[in-house]
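One structure is given here, and the rest of the page talks about it.
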Amino acid sequence: MQVTKGAEKTSEGRLRRIGKSLMKYRHLHLMALPGLIFFLIFKYVPMYGLVIAFKHYVGAAGGFQAIMASRWVGLRNFQMFFQSIYFTRLLSNTLIISLYRILFFFPAPILLALLMNEIQRTWFKRTVQTVTYMPYFLSWVVVAGLMSILLSPDNGPINALRQLMGMQPVYFLAQKKYFRTLLVLSEIWKNVGYGSIVYLAAITSVDPALYEAARMDGAGKIQQIVHVTLPAISEIIAIMLILTVGRVLDDNFDQIFNLYSPATYEVADVFETYIYRTGITEGKFSYTAAVGLFKSAISLLLILVTNRVSKRLGSDGII
């Protein structure tokens with residue numbers, strides 16, 4: 001009886017502390033409330049719909065009741081995907097494109113931030129920032145249109161230059177061997193400026209006394225970057241790497257969808273584009289729900305592995 005009363009008092013004390021904390025920081029909680037509501041409505045509530053991955057749901061009228069009334073098929077949808085020719089294609093394409101983006105795009109904003117930090121003239125620095133930030137605000141539809149014009153085999157400037165050099169015009173966007181390279185280059189051009197903002201903010205918080213001490217020890221610009229700047233922002237780099245790895249399987253639908261064609265499906269088709277093409281246009285909702293659930297499991301695994309590696313390297317990680 002005494003144990004029960006003690007537990008009740010402990011629980012009441014905990015609730016009282018939580019209530020006091022909520023009241024003390026109520027303004028901050030109110031500011032966070034819209035974001036929490038957004039994630040609750042658009043991220044957590046729809047998770048119940050994942051049950052259709054284990055059912056034979058054909059998108060019949062009836063909404064939630066139709067989902068509940070659908071026949072349970074267990075893991076059959078997953079088995080169909082694993083046994084199809086698309087499993088190895090989607091998995092390899094997704095991982096290869098994601099690896100390219102991590103190897104070539106992820107360091108690009110860091111390098112740009114380091115270079116802009118060394119610019120002494122304010123007007124030139126602002127000009128570079130404006131020029132590099134602007135492409136971020138263009139949609140992938142616009143970027144795909146620009147690339148189609150630039151790389152057109154008929155009147156595109158790239159192929160016109162090739163013809164002046166005595167070479168034959170090439171339809172780059174329809175060539176499998178060029179497609180992934182164009183994806184990475186367009187990703188860098190569009191997002192490198194915006195991605196550098198976080199690193200620039202981190203660099204500005206570095207203590208200037210560290211640079212002064214490095215200069216007194218005879219360190220040049222490169223040595224200051226390697227031994228002062230990069231170690232100072234290493235925690236931010238680790239966090240951004242973990243977040244990037246978690247997004248690589250989701251982040252490239254708009255880009256690939258607006259750039260690929262049936263001629264490049266073999267090297268360009270990824271989970272997101274396949275889910276859209278098969279689930280939305282062909283109405284295979286249960287099957288593509290299983291594909292999406294498998295992709296989400298891979299994303300979670302990548303986040304956990306990257307977080308564990310970052311902790312082994314001395315970072316705090318995010319989990």
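The values are calculated or read from the model by the stated rules, or taken from the named source; none is laboratory data. Keep in mind it's a predicted model, so treat the numbers as computed, not measured. Every residue, glycine among them, receives a Cβ derived from its backbone with ideal geometry; neighbour counts consider all protein chains shown. Side chains are part of the model used for accessible areas, which takes the heavy atoms of the whole protein and leaves out ligands, DNA and RNA. Shrake-Rupley method; radii C 1.70, N 1.55, O 1.52, S 1.80 Å.
Evaluated against (1) closer than 30 Å to residue 287 by Cβ; (2) touching a Leu at 6+ places or on another chain (Cβ under 7 Å); (3) of a type in the set (A, V, I, L, M, F, W, C), residue 81 falls short on exactly one condition, (2). Across segment 73-98, the number of residues qualifying as open to solvent by 90 Å² or more (accessible area, probe 1.4 Å) and of a type in the set (A, V, I, L, M) comes to 3. Among the residues here, residue 151 does not qualify as modelled with pLDDT of 90 or more and under 27 Å from the mean Cα position of the chain (by Cα). For segment 59-70, the count of residues that are assigned to a helix (DSSP H, G or I) and either modelled with pLDDT of 90 or more or open to solvent by less than 40 Å² (accessible area, probe 1.4 Å) (or both) is nonzero. Working only within segment 198-229, note down all residues that are touching a residue at least 12 places away in the same chain (Cβ under 8 Å), within 26 Å of residue 306 (Cβ to Cβ) and in a helix (DSSP H, G or I). Hits for segment 198-229 are 198, 199, 200, 202, 203, 225, 227, 228, 229. Scan segment 231-259 for residues that are hydroxyl-bearing (Ser, Thr, Tyr) and within 19 Å of the chain's Cα centre (by Cα) and jot them down. Across segment 231-259, the qualifying residue is only 244.
Scanning segment 100-123 for residues that are open to solvent by 90 Å² or more (accessible area, probe 1.4 Å) and not charged (D, E, K, R) yields 103, 104, 111, 115, 120, 123. Is it true that some residue in segment 148-168 is of a type in the set (Ser, Thr, Tyr) and part of a helix (DSSP H, G or I)? Yes, some residue in segment 148-168 is of a type in the set (Ser, Thr, Tyr) and part of a helix (DSSP H, G or I). When segment 264-297 is limited to residues that are acidic (Asp, Glu) and within 16 Å of residue 84 (Cα to Cα), the one that is least open to solvent (accessible area, probe 1.4 Å) turns out to be 269. Checking 100, 25 one by one, the residue that is under 30 Å from residue 230 (Cβ atoms) and of a type in the set (Phe, Trp, Tyr) is 100 and no other. Checked against (1) charged (D, E, K, R); (2) open to solvent by 70 Å² or more (accessible area, probe 1.4 Å); (3) closer than 13 Å to residue 192 by Cα, residue 126 passes all but a single condition, namely (3).
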